[in-house]
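The values are calculated or read from the model by the stated rules, or taken from the named source; none is laboratory data. Predicted model only: the values in this text are computed from it and were never measured. Quick reminder, even Gly has a Cβ in these numbers, built from the backbone with ideal geometry, and neighbours come from all protein chains shown.
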Amino acid sequence: MEPEEQRQLPLSQVRELKPGSMHYRAYIGSAGSYDATAAMQFNLMTALGLREKHTLLDIGCGGLSGGRLFIPYLLPDHYFAIEPNPWLVQDAIANETGNDQVLLKRPQFLHSSDFPLHAFGRKFDYVLAQSILSHTSRKQMEHCFRQVRDVLEPKGIFAANHAIGAAYEGGEWVYPNFATYPTAFLIDRAQEAGLKAFPLIWTNHYSLIWMTFVRDDYPGELSWLGANTVEQKGMRILELSSENAKLKRKLAEAEAKLKT
């Protein structure tokens, strides 16, 4: 099937397309989980405290999987996004948000591939990078962290996920495969850029690990258990529950070895 034909496919025929296919729902990620990926991003950011009054920068917004929920939720002029492929945004607007909503909420899009976060000329309350660090080279990651540090509000939060594994040593963007890194590697790179990192337990469809980042001069400690919202307390409880389950498994494995 020709690329232009793929772009015109009705949604009923899109779910089986392979990642990288020329359809806004399939070009980045799985078309079959487009809806769940949107919910995952929206639920995470609102759990982190995102409200309609806040500004959000969506790095690599793709086919507006999350954007189609963020745009109507946020106040006008509060959603900003960067995406190197203009056709993804154009097709998503035509099929998901509609031009009327764009006129009403006035989202701003920048089409570039080198993380020019300064281009909007402002700082942001929240920054999101869904499956971006899972494809970057080390140099691209470090550049992204430095840019985020510069445009993040003093109390702002940056949420991003990555693929765990041996550190990718190449110098190019990796897609559709993943560029893997140990979590400690990301934490060190973030610290070098002036960001503090906090791993999260959050649902995803590609076994990616979510993390939140704040500026190194963040006023006070970022503690989910001490946060005011029920959602954030719940997130910390999930983290502790997961850690407890891992310790129980390790204990069971150790006891089994002792018996053999």
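Points worth noting:
- Residues that are within 14 Å of Ser131 (Cβ to Cβ) and either touching a His at 6+ places or on another chain (Cβ under 6 Å) or among the aromatic types (Phe, Trp, Tyr) (or both) are absent from the range 56-72 altogether.
- Test: residue in the range 56-75 that is farther than 25 Å from Ser30 by Cα and more than 14 Å from the chain's Cα centre (by Cα): yes
Conditions tested, residue by residue: (1) among the aromatic types (Phe, Trp, Tyr); (2) more than 25 Å from Leu50 (Cβ to Cβ); (3) assigned to a strand (DSSP E or B); (4) not assigned by TED's automatic domain parsing to the domain that holds His54.
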position: Gln140; (1), (2), (3), (4): no, yes, no, no
position: Arg149; (1), (2), (3), (4): no, no, no, no
position: Pro154; (1), (2), (3), (4): no, no, yes, no
position: Phe158; (1), (2), (3), (4): yes, no, yes, no
position: Ala167; (1), (2), (3), (4): no, yes, no, no
position: Glu172; (1), (2), (3), (4): no, yes, no, no
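- Scope the range 18-53; condition over 20 Å from Ser134 (Cβ atoms) and out of contact with any Ser or Thr (no Cβ under 9 Å at 6 or more places or on another chain); matching residues: Met22, His23, Thr46, Leu50, Arg51, Glu52, Lys53
- Residue in the range 103-112 that is at positive phi, part of a loop (DSSP other than H, G, I, E, B), of a type outside the set (Asp, Glu) and in contact with a strand residue (DSSP E or B) (Cβ under 9 Å, 6 or more places away or on another chain) present: yes
Results for (1) at pLDDT below 90; (2) of a type in the set (Val, Ile, Thr); (3) part of a helix (DSSP H, G or I), shown as yes or no for each residue.
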position: Lys18; (1), (2), (3): yes, no, no
position: Ile28; (1), (2), (3): yes, yes, no
position: Asp35; (1), (2), (3): no, no, yes
position: Asn43; (1), (2), (3): no, no, yes
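Residues checked against (1) touching a helix residue (DSSP H, G or I) at 6+ places or on another chain (Cβ under 9 Å); (2) at pLDDT below 95:
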| site | (1), (2) |
| --- | --- |
| Leu48 | yes, yes |
| Lys53 | no, no |
| Gly67 | yes, no |
| Phe70 | yes, no |
| Leu75 | yes, no |
| Tyr79 | yes, no |
| Gln90 | no, no |
| Asp100 | no, no |
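Listed here are the residues, each with its yes/no results for (1) crowded, with 19+ Cβ neighbours inside 10 Å; (2) modelled with pLDDT of 90 or more; (3) out of contact with any Pro (no Cβ under 8 Å at 6 or more places or on another chain).
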position: Asp150; (1), (2), (3): no, yes, yes
position: Gly156; (1), (2), (3): yes, yes, yes
position: Ala159; (1), (2), (3): yes, yes, yes
position: Thr203; (1), (2), (3): no, no, yes
position: Tyr206; (1), (2), (3): no, no, yes
position: Asp216; (1), (2), (3): no, yes, yes
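- Residues located in the range 79-102, provided they are assigned to a helix (DSSP H, G or I), free of Cβ contacts under 8 Å to residues at least 60 places away in the same chain and polar (S, T, N, Q): Gln90, Thr97, Asn99, Gln101
- Condition broken by Phe115, with the remaining ones in (1) surrounded by 14 or more Cβ atoms within 10 Å (Cβ to Cβ); (2) under 30 Å from Leu9 (Cα atoms); (3) modelled with pLDDT under 95 satisfied: (2)
- One residue stands out in the range 169-195 among those that are of a type in the set (Val, Ile, Thr) and either under 24 Å from Tyr218 (Cβ atoms) or in contact with a Pro (Cβ under 6 Å, 6 or more places away or on another chain) (or both): the one that is modelled with the lowest pLDDT, namely Thr183.
- Checking each residue of the range 48-64 against the condition of being outside any helix (DSSP H, G or I), more than 26 Å from Lys155 (Cα to Cα) and among the acidic types (Asp, Glu) gives no match.
- Residues of the range 173-192 satisfying the condition of being surrounded by fewer than 19 Cβ atoms within 10 Å (Cβ to Cβ) and more than 30 Å from Leu17 (Cα to Cα): Pro182, Thr183, Ala184, Phe185, Ile187, Asp188, Gln191, Glu192
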